[in-house]
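Down below is the structure, laid out as C-alpha cells.
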Amino acid sequence: MHFISLEYWLFFAATFVVYYLLRGTRQLRWVVLCSVVFYALYKPAYVGILAAQLAIDYAAGMAIARSSTYKKAWLLASIGSNLALLFAFKYLGWALGLVGIDFALAATVPLGLSFHTFQGIAYTIDVYKGRFVAERNFWRFSQYIFFFPQLVAGPIERPGHFMPQITFKPFLPLNLIAGGRLVLWGLVQKMVVADRLALLADPVFSGHQTYSAFGTLLGVLAFTVQIFADFSGYTDIARGCARMLGYTLIDNFANPYGATSITDFWRRWHMSLSSWFRDYVYIPLGGNKLPLAGWAAAILLVFALSGLWHGAQTTFLVWGLYHGLLLIIERVAKPSRAVTQWLTLPLVAIGWVFFRAADLPFALHIFSTLGGPWHMPQGGAGAEFAAAGNIGLAGFFALFFLLAHGYKNQVSYWLKQAPLARWALYFLAIALILFFSPVANPAFIYFQF
C-alpha cells in the first residue's frame with residue numbers, strides 16, 4: 001500500500017475522518033492504531049518485531065532518565081539492539097555471501113526499518129545527552145516511532161521536533177489546504193516527472209539492450225532527475241498527509257541541484273539523513289576538530305556508512321566512498337567557487353551511476369559506453385527509446401521540475417499574492433496527473449531502503 005495507490009488514499013481518508021471526530025487521548029491512540037494497521041498490511045509478523053524494538057527504546061529512555069549508574073549500559077542496549085535488528089535483516093545475508101555462505105534471514109526487510117532504527121537511536125542518544133526529556137507516555141512515544149506518513153521513507157524526525165507536536169489536534173481548514181497542496185505537488189513530482197523519466201532511465205540501467213553513448217547519457221541524466229523528483233515527491237506527500245493531521249515534518253531538500261559544491265550538495269540533499277550522520281556519527285568522531293588525516297578517515301567512514309545505509313550492495317558502498325573522496329579533494333585542493341559550481345552537478349550525476357547500477361561491472365560498462373564513440377543513433381534519439389513515449393515532453397517536465405525547485409521561494413510568494421493563478425495551477429497539476437502520468441507507476445525508489 002503506497003502513496004499512489006487507491007488503497008492508501010481510502011485508508012488515509014478513513015484515518016482522517018475518524019481522527020477529527022475523536023477527542024483527547026483517543027485521537028492519539030487512533031493514529032497509533034492506524035499506523036500499526038498500515039504496517040500489518042505489509043507483513044503482519046514484522047509488526048511484532050518493530051514493536052519489540054519500540055519497547056526496548058522506550059524502556060531504555062525511561063531507565064536512562066532514572067538511573068545515574070547504568071545510563072551508558074541502557075544507551076548501548078538501545079543502540080546495539082537497533083543496529084543488530086538492522087544488520088540481521090539488511091546486511092547479514094550480504095556479509096555471509098562475501099565468505100561464500102548463501103543465507104538470508106528473510107526475503108523482505110520490515111517496512112521502514114532503516115528510518116525506524118535511526119529515529120530510535122536519535123531518541124535514546126538525545127535523552128542520554130540531556131537534549132530531550134524521556135517520554136513517559138508510551139502512546140506518545142509509539143506515535144513518534146510508528147507515525148505512518150513518514151516512517152516508510154522519511155524524513156527522519158528528531159524527538160525534539162516531532163514529539164512536542166503530539167497534542168490534541170482540532171480540525172483546521174488551513175491544515176487541510178496546506179497539506180493538500182503538498183500532496184498535489186508531490187504527486188506531480190512522482191507521477192508526471194519521475195515516472196516519465198523512469199521510462200528513459202530504466203531501460204538503460206536494465207542491461208537488456210545495448211545503447212549508444214548518446215542514449216546512455218540520456219538515461220543517466222534521466223535518472224539524475226528521476227531520483228530527485230521521486231524522493232522529493234514522496235517527501236512532500238508524507239509532509240502533506242502529516243500536515244492534514246496537524247503535524248509539520250521537516251523538509252528534506254533545499255534545491256540540491258543548485259548546489260555550488262559537493263559540500264553544499266550534502267547540506268541540501270536528504271537533509272534529515274545527512275544531518276543525522278553529522279550529529280550522531282561525524283561530530284562524536286571529532287568532526288572538524290580532527291587533524292586532516294583523521295578528518296579524512298572520519299569522512300570516509302561516515303560516507304561509507306551512508307552508502308551502506310541504502311542497502312547491502314557494493315555499489316552503494318562505492319557511491320558513498322566516491323562522495324567522501326570528493327569532499328576530501330574539495331578541502332585539500334580548495335578549487336575556486338567558479339570551478340565547483342560548474343562541476344558539482346556532473347560529479348553528482350556520475351555518482352548516481354554507481355547508485356543505480358545493479359553491480360560494479362555494469363557501472364563500469366556505463367562509463368565505458370560514455371567514453372566510446374559519439375554519434376547520433378540511426379533514426380535519432382527516439383529510435384533507441386521507442387517505448388518511452390515523447391522524449392521532448394520528458395525533458396520539458398524535467399526542466400519544469402528543476403526550475404520549480406530553483407525558484408520555489410519566489411513562486412510561493414507570487415502565488416500567495418495571486419489567488420486566481422494559484423487555483424489555475426491546482427487545476428493544471430490535476431490535469432498533468434490525469435493526462436501525462438504513465439500507465440504504470442512504479443513504487444517510490446526510497447521505499448526499498
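Considering Ile101, Ile125, Ile145, the condition of being of a type in the set (Val, Ile, Thr) and surrounded by fewer than 14 Cβ atoms within 10 Å (Cβ to Cβ) is satisfied by Ile101 alone. The set of residues in region 159-210 that are farther than 30 Å from Glu135 by Cβ and aromatic (Phe, Trp, Tyr) comprises Trp185, Phe205. Where helices (runs of 4 or more DSSP H) sit wholly within region 58-142, those with at least 3 residues that are at pLDDT 90 or above occupy 71-90, 113-129. For region 333-358, the set of residues classified as part of a helix (DSSP H, G or I) and hydroxyl-bearing (Ser, Thr, Tyr) consists of Thr340, Thr344, listed by residue number.
Within region 358-374, residues that are of a type in the set (Gly, Ala, Ser) have Cβ atoms under 8 Å from residues that are at pLDDT below 90 in these pairs: Ala358/Gly207; Gly371/Ala213; Gly372/Ala213, counting only partners at least 6 apart in sequence or on another chain. Note on region 1-48: residues that are touching a Leu at 6+ places or on another chain (Cβ under 6 Å) and either loosely packed, with under 12 Cβ neighbours inside 10 Å or assigned to a loop (DSSP other than H, G, I, E, B) (or both) total 2. Leu10 meets the conditions (1) over 23 Å from the mean Cα position of the chain (by Cα); (2) over 30 Å from Trp185 (Cβ atoms) in every case but one. The failed one is (2). In the set (1) touching a residue at least 12 places away in the same chain (Cβ under 8 Å); (2) under 21 Å from Leu273 (Cα atoms); (3) more than 18 Å from the chain's Cα centre (by Cα); (4) surrounded by fewer than 23 Cβ atoms within 10 Å (Cβ to Cβ), Lys169 fails one condition alone, (2).
Of the residues making up region 204-225, those that are under 17 Å from Phe355 (Cβ atoms) and part of a helix (DSSP H, G or I) are Val204, Phe205, Ser206, Thr216, Leu217, Gly219, Val220, Leu221, Ala222, Phe223, Thr224, Val225. Here Ser212 meets the list (1) touching a residue at least 24 places away in the same chain (Cβ under 8 Å); (2) out of contact with any Ser or Thr (no Cβ under 9 Å at 6 or more places or on another chain) almost entirely, failing just condition (2). Here is the figure for region 242-256: residues that are surrounded by 19 or more Cβ atoms within 10 Å (Cβ to Cβ) and either assigned to a helix (DSSP H, G or I) or of a type in the set (Val, Ile, Thr) (or both) total 4. Name the residue that is surrounded by the fewest Cβ atoms within 10 Å (Cβ to Cβ), counting only residues in region 328-355 that are under 19 Å from the mean Cα position of the chain (by Cα) and among the β-branched types (Val, Ile, Thr). For region 328-355, the residue satisfying everything is Val348. When region 297-317 is filtered for residues that are among the β-branched types (Val, Ile, Thr), surrounded by 18 or more Cβ atoms within 10 Å (Cβ to Cβ) and in contact (Cβ under 8 Å) with a residue 40 or more places away in the chain, only Thr315 remains. Candidates Phe435, Phe444: the one that is of a type in the set (A, V, I, L, M, F, W, C) and surrounded by 13 or more Cβ atoms within 10 Å (Cβ to Cβ) is Phe444. Checking each residue in region 174-193 for being touching a residue at least 40 places away in the same chain (Cβ under 8 Å) and among the hydrophobic types (A, V, I, L, M, F, W, C) picks out Leu176, Ala178, Leu182, Val183, Leu184, Trp185, Leu187, Val188, Met191, Val192, Val193. Scanning region 172-181 for residues that are assigned to a helix (DSSP H, G or I) and surrounded by fewer than 22 Cβ atoms within 10 Å (Cβ to Cβ) returns Pro173, Leu174, Asn175, Leu176, Ile177, Ala178, Gly180, Arg181.
The values are calculated or read from the model by the stated rules, or taken from the named source; none is laboratory data. If you're wondering where the values come from, they're calculated on a predicted model, not measured in any experiment. Quick reminder, even Gly has a Cβ in these numbers, built from the backbone with ideal geometry, and neighbours come from all protein chains shown.
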